[in-house]
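Asks: One structure, as structure tokens, below. Some questions next.
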Amino acid sequence: MRLVITTGCAPRLESATDFKRFSLRLDLVPGHDHLTALAPVGEADGDSHAWVRPDALRALSPHAGQSDWEEGFAAMLRFAAQHGWTDAHGRIRAHIESTEAAIPVAPDVFRAAMRRFASGVCIVATGAGEERCGMTVSAFTSVSADPPLVLVCLNRASSAHARLTGDGVYSINILAAGQAELAMRFAGQTGIHGAARFDARWQQAAHGAPVLRDCLQSLICAPSARHEAGSHTLLVGQVIGTGGGAGRAALLNFDGTLQPTGQAA
Ligand SMILES: Cc1cc2nc3c(=O)[nH]c(=O)nc-3n(C[C@H](O)[C@H](O)[C@H](O)COP(=O)(O)O)c2cc1C
């Protein structure tokens, strides 16, 4: 197996069922030190080696808990111990392969590029009564039809983030042309916060999430998976209900403006 640590990304484990070899690759942007990069998984031992905690590897393996994987992993740890490649804490010694990661473009260059991508606009919402919260999202995509999965990318700095990434059911409401004011309201641009963003246009769906009555389509989602990436949480939801579907124009997010699309057929 190979543990890969890249600046700005969560650590990941490649070839998690290959117990015959173990290595650690650091892809660091120049100026980022390897001591900090290694902290979530272990500790540096000089410049070229590291001590890696087995529990960190287990946490990253999609097969942890499966008997085959656990047996293979235990055998790998025993093999490492016999060769003196573990320390008093049971941590495994790994040779660090360092590569210099490509330097990312500046955030404003990135934003200018992404403005050229036309997308729809949604409001993601959860909770009931005074506990309701929601935010405007354009980073929304279909993932899989069977099972039905969708993805939204949520900034950890937004006020609704903690609740939207909790265990509750949430709705994704695809906005129609003419709903730009709602997009701005749920983007925090109108000074209205929390449950006060919701008005009579919202109703409570059977599954408990608030649903926007007059949008193009609502999808009710149960949380299925989360993944941290940069400043955002990628939230995958299983679609457990849909509603709406009026054949009207959609709201389009393009080049920094919200504009209506053509009429649906
Ligand atoms: C058109 C539009 C699209 C947006 N898309 C996203 C998105 O995909 N993900 C995200 O985290 N924030 C997105 N935002 C920003 C959030 O809506 C905003 O940061 C957040 O709702 C702020 O909420 P708060 O005032 O409750 O913290 C978008 C905003 C607008 C106006």
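The values are calculated or read from the model by the stated rules, or taken from the named source; none is laboratory data. The shown structure was predicted, so the numbers you read here are calculated from the model rather than taken from an experiment. A quick note on method: Cβ atoms are made from the backbone with ideal geometry, for glycine too, and the neighbour counts reach across all protein chains shown.
Asks: Among the residues of segment 59-69, is any aromatic (Phe, Trp, Tyr) and modelled with pLDDT of 95 or more?
Replies: First, pick out the residues of segment 59-69 that are aromatic (Phe, Trp, Tyr): 69.
The next check asks that each one be modelled with pLDDT of 95 or more; those that pass are 69.
Yes: segment 59-69 contains one or more residues that are aromatic (Phe, Trp, Tyr) and modelled with pLDDT of 95 or more.
Asks: Continuing with the same structure: Please give the number of the condition ALA125 fails out of (1) closer than 30 Å to GLY256 by Cα; (2) out of contact with any strand residue (DSSP E or B) (no Cβ under 7 Å at 6 or more places or on another chain).
Replies: Checking ALA125 against (1) closer than 30 Å to GLY256 by Cα; (2) out of contact with any strand residue (DSSP E or B) (no Cβ under 7 Å at 6 or more places or on another chain), the one that fails is (2).
For every residue, the table says whether it meets (1) in contact (Cβ under 8 Å) with a residue 40 or more places away in the chain; (2) within 22 Å of PRO104 (Cα to Cα); (3) part of a loop (DSSP other than H, G, I, E, B); (4) not assigned by TED's automatic domain parsing to the domain that holds THR233.
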{"position": "ALA16", "(1), (2), (3), (4)": "yes, no, yes, yes"}
{"position": "PHE19", "(1), (2), (3), (4)": "yes, no, yes, yes"}
{"position": "ARG25", "(1), (2), (3), (4)": "yes, yes, no, yes"}
{"position": "GLY31", "(1), (2), (3), (4)": "no, yes, yes, yes"}
{"position": "ARG58", "(1), (2), (3), (4)": "no, no, no, yes"}
{"position": "HIS63", "(1), (2), (3), (4)": "yes, no, yes, yes"}
{"position": "GLU70", "(1), (2), (3), (4)": "no, no, no, yes"}
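Asks: With the condition kept exactly as written, say whether any residue in segment 90-111 is within 11 Å of the ligand (Cβ to nearest atom) and not in a strand (DSSP E or B). It would help to see each step written out before you state the result.
Replies: Keep residues of segment 90-111 that are within 11 Å of the ligand (Cβ to nearest atom), which gives none.
The answer is no; no qualifying residue exists.
Asks: Only one residue in ALA195, ALA187, ALA264, ALA183 is more than 26 Å from the chain's Cα centre (by Cα) and not in a strand (DSSP E or B). Which one? Talk me through it step by step, then tell me what you get.
Replies: Numbers: ALA195 fails: more than 26 Å from the chain's Cα centre (by Cα); ALA187 fails: more than 26 Å from the chain's Cα centre (by Cα); ALA183 fails: more than 26 Å from the chain's Cα centre (by Cα).
Sole residue among the options that is more than 26 Å from the chain's Cα centre (by Cα) and not in a strand (DSSP E or B): ALA264.
Asks: For segment 66-103: of the residues being under 23 Å from CYS9 (Cβ atoms), of a type in the set (Gly, Ala, Ser) and surrounded by 11 or more Cβ atoms within 10 Å (Cβ to Cβ), which is farthest from the chain's Cα centre (by Cα)?
Replies: Among those residues, the one meeting the criterion is ALA94.
Asks: Follow-up. Looking only at residues in segment 45-55 that are surrounded by fewer than 18 Cβ atoms within 10 Å (Cβ to Cβ) and modelled with pLDDT under 95, which one is farthest from TRP85 (Cα to Cα)?
Replies: ASP47
Asks: While we're on this one: Quick one: which of GLY191, GLY129 is more than 13 Å from the ligand (Cβ to nearest atom), surrounded by fewer than 17 Cβ atoms within 10 Å (Cβ to Cβ) and on the phi > 0 side of the Ramachandran plot? If you could, list the steps in order and put the result at the bottom.
Replies: Working: GLY191 fails: more than 13 Å from the ligand (Cβ to nearest atom).
Every option except GLY129 fails the conditions.
Asks: I've got another one for you. Strands (runs of 3 or more DSSP E) wholly in segment 216-261 with at least 1 residues that are closer than 30 Å to THR6 by Cβ - which ones?
Replies: Working: elements: 217-229, 232-244, 251-254, 257-260.
Answer list for segment 216-261: 217-229, 232-244, 251-254.
Asks: When you scan segment 134-159, how many residues do you find that are more than 10 Å from the ligand (Cβ to nearest atom), in a strand (DSSP E or B) and not hydroxyl-bearing (Ser, Thr, Tyr)?
Replies: 6
Asks: Going by the structure shown, is GLN204 within 13 Å of the ligand (Cβ to nearest atom) and of a type outside the set (A, V, I, L, M, F, W, C)? Full working, then the answer.
Replies: Working: within 13 Å of the ligand (Cβ to nearest atom): no; of a type outside the set (A, V, I, L, M, F, W, C): yes.
No; evaluated as a whole, the condition is false for this residue.
Asks: Could you please let me know if THR36 is in contact (Cβ under 8 Å) with a residue 12 or more places away in the chain and either crowded, with 16+ Cβ neighbours inside 10 Å or among the β-branched types (Val, Ile, Thr) (or both)? Steps first, please.
Replies: Numbers: in contact (Cβ under 8 Å) with a residue 12 or more places away in the chain: no; either crowded, with 16+ Cβ neighbours inside 10 Å or among the β-branched types (Val, Ile, Thr) (or both): yes.
No, not satisfied.
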